[in-house]
Amino acid sequence: MGVGAGVRLTFGSSAGFPHEQRVLADLRALGIDAVDVWRDQDQRGGVARYRAVGGDGASWAVAVYGRDARDTQLLARVWRTLWYRDPGPEASVTRRAQVEHEGLMMFAAARAGVPVPAVDAAGTTATGDALLVTTEPDAPTLASLPPAEVDDALLAAAWDAARALRAARIGHGHLNTAALLVTRPGV
């Protein structure tokens, strides 16, 4: 138990979440005027996900790649590269590179006509966290909808988005019903 605790203390854990006040300060450092921040209910992929709201009612989705973000831990990447001879689906070594890559892919997808959230800010802060801030709507995922609400038009919109990604030669990596938000115009 002591060795496990020492390893976790030294190298971090994917279960770590920055405090909301720290995320609020990080957002202000990136020029986002948020007044409230809370942790998103759906946490996936080793990245701390938050929702934020501004004084003017603007709403943002915030992905925080902190010290404990499992997808960006150097030791895990080195181990995977040595063991499997493959760095994994995202070959970024630093948190900043991960945020830049994700933001760039969102710009490329938007340019290809894929409905994606707009990137409002991306960067690192003095705390060492890297943030990606988008105007993602607070909408349900396709996975959370009851089957009766999933119609042919919604499925067609999902396939159209997947086709547009494919035509632009962009690989999503985790394209499933949990990754698709259902909005008024589609997904």
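The values are calculated or read from the model by the stated rules, or taken from the named source; none is laboratory data. Owing to the predicted nature of the structure, the values given are computational and were not obtained by experimental measurement. Ideal geometry is used to build each Cβ from the backbone, glycine not excepted, and the neighbour counts take in all protein chains shown. Accessible surface areas use protein heavy atoms only, side chains included; no ligands, DNA or RNA. Shrake-Rupley method; radii C 1.70, N 1.55, O 1.52, S 1.80 Å.
Quick look at the numbers
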| quantity | calculated |
| --- | --- |
| Per-region count, region 163-182, residues at negative phi and under 18 Å from the mean Cα position of the chain (by Cα) | 13 |
| Filtered residues of region 80-124 (kept if in a loop (DSSP other than H, G, I, E, B), under 24 Å from ALA25 (Cβ atoms) and modelled with pLDDT of 90 or more) | PRO117, ALA118 |
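Condition check ((1) among the hydroxyl-bearing types (Ser, Thr, Tyr); (2) farther than 18 Å from GLN43 by Cβ; (3) open to solvent by 80 Å² or more (accessible area, probe 1.4 Å); (4) part of a strand (DSSP E or B)) across all residues:
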site	(1), (2), (3), (4)
THR127	yes, yes, no, no
LEU131	no, no, no, yes
ALA143	no, no, no, no
ALA153	no, yes, no, no
ARG163	no, yes, yes, no
LEU175	no, yes, yes, no
ALA179	no, no, no, no
